[in-house]
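Inspection log for the structure reproduced underneath, given as structure tokens.
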Amino acid sequence: MGLKRIYRHMMTAERHVRKIFQQTQLNRISNAIKASETRHSGEIRVAVESSLELQQLLGQQTPRQRAIEVFSELHVWDTELNNGVLIYVLLADHAKAFAQGQFEEGVMSCIEAVSEKLIEHFPHRREDENELPDAPVLIG
């Protein structure tokens with residue numbers, strides 16, 4: 001385990017999430033999810049977490065392992081067709097568009113990429129209902 005990673009996580013606080021994802025950005029992301037879900041029968045959740053706790057870091061928990069925990073905690077798996085998708089962002093370990101500070105754009109491109117796959121594999125059904133909230137979840 002690298003000391004750089006521990007330092008990044010210790011220096012990335014909840015306030016960073018709230019500064020980057022203000023209500024305007026959260027509303028746009030929520031609207032993008034809502035619009036996406038009119039094109040397929042899948043369910044999309046977005047969760048943004050500032051950092052991992054020291055115990056998780058010492059246990060060498062990966063972002064993927066944490067995403068699986070969040071997937072379960074948010075009941076993304078609990079959809080009628082088992083077609084829920086979690087877009088999980090861990091700010092302290094961010095990459096790609098997030099590394100350049102393009103947080104909203106990064107999430108929006110993820111929503112679009114996930115939407116294309118959901119359209120392909122889970123076409124929209126007339127009786128679809130919104131099973132999961134569209135609003136992004138900010139985890140301290």
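On a per residue basis, the chain carries 58 Å² of accessible surface, using protein heavy atoms and a 1.4 Å probe. Charge dipole of the chain (Cα centre as origin; +1 on each Lys and Arg Cβ, -1 on each Asp and Glu Cβ, all else neutral): 740 debye, rounded to the nearest 20. By the rule of a C-alpha distance below 17 Å, with chain neighbours fewer than 8 residues away ignored, the lysines paired with LYS117 are LYS34. Rounded to the nearest whole Hz, the Karplus-based 3J(HN,Hα) values (6.51 cos²θ - 1.76 cosθ + 1.60, θ = phi - 60°) of the range 130-137 follow the sequence 6, 8, 10, x, 8, 5, x, 9, with x at glycine and proline. Reducing the range 7-21 and the range 59-126 to their Cα centroids gives an inter-centroid distance of 19 Å. Near ASN130, once Lys and Arg are set to +1 and Asp and Glu to -1 for all other residues with Cβ below 15 Å from its Cβ, the sum equals -4.
Here is how the number arises for the chain: DSSP H runs of 4 or more residues each give -39500 (n - 2.57), the sum is divided by the residue count, and the result at 222 nm is -14000 deg cm²/dmol. For the range 53-140, the spread of Cα coordinates along the three principal axes comes to 47, 27, 21 Å, biggest extent given first.
With a ≥ b ≥ c the root eigenvalues of the C-alpha gyration tensor of the range 1-90, is it rounded (a/c under 1.5), prolate (a/b larger than b/c) or oblate? Oblate. Among beta bridges identified by DSSP and lying wholly in the range 26-140, the antiparallel ones come to about 10 percent. Counting charges near PHE98 (Lys, Arg +1; Asp, Glu -1) among other residues having Cβ under 13 Å from its Cβ returns a value of -2.
Of the accessible area of the chain, computed with a 1.4 Å probe over protein heavy atoms only, carbon and sulfur atoms account for 53 percent.
Amide H contacts under 5 Å for GLY84: GLU43, THR79, restricted to partners 5 or more places along the chain or on a different chain, H placed in the peptide plane at 1.01 Å from N. Along the axis of the charge dipole computed for the range 36-140 (Cβ charges of +1 for Lys and Arg, -1 for Asp and Glu, origin at the Cα centre), the listed residues ALA67, LEU57, GLY140 are led at the positive end by LEU57.
Which order do ARG64, ARG8, ARG125 take by accessible area at a 1.4 Å probe, largest first?
Result of the area sort, largest leading: ARG64, ARG8, ARG125.
The values are calculated or read from the model by the stated rules, or taken from the named source; none is laboratory data. As the structure is a computational prediction, the values presented were derived from the model and not from experiment. No Cβ is skipped: glycine too gets one built from the backbone with ideal geometry, and neighbour counts run over all protein chains shown. Accessible surface areas use protein heavy atoms only, side chains included; no ligands, DNA or RNA. Shrake-Rupley method; radii C 1.70, N 1.55, O 1.52, S 1.80 Å.
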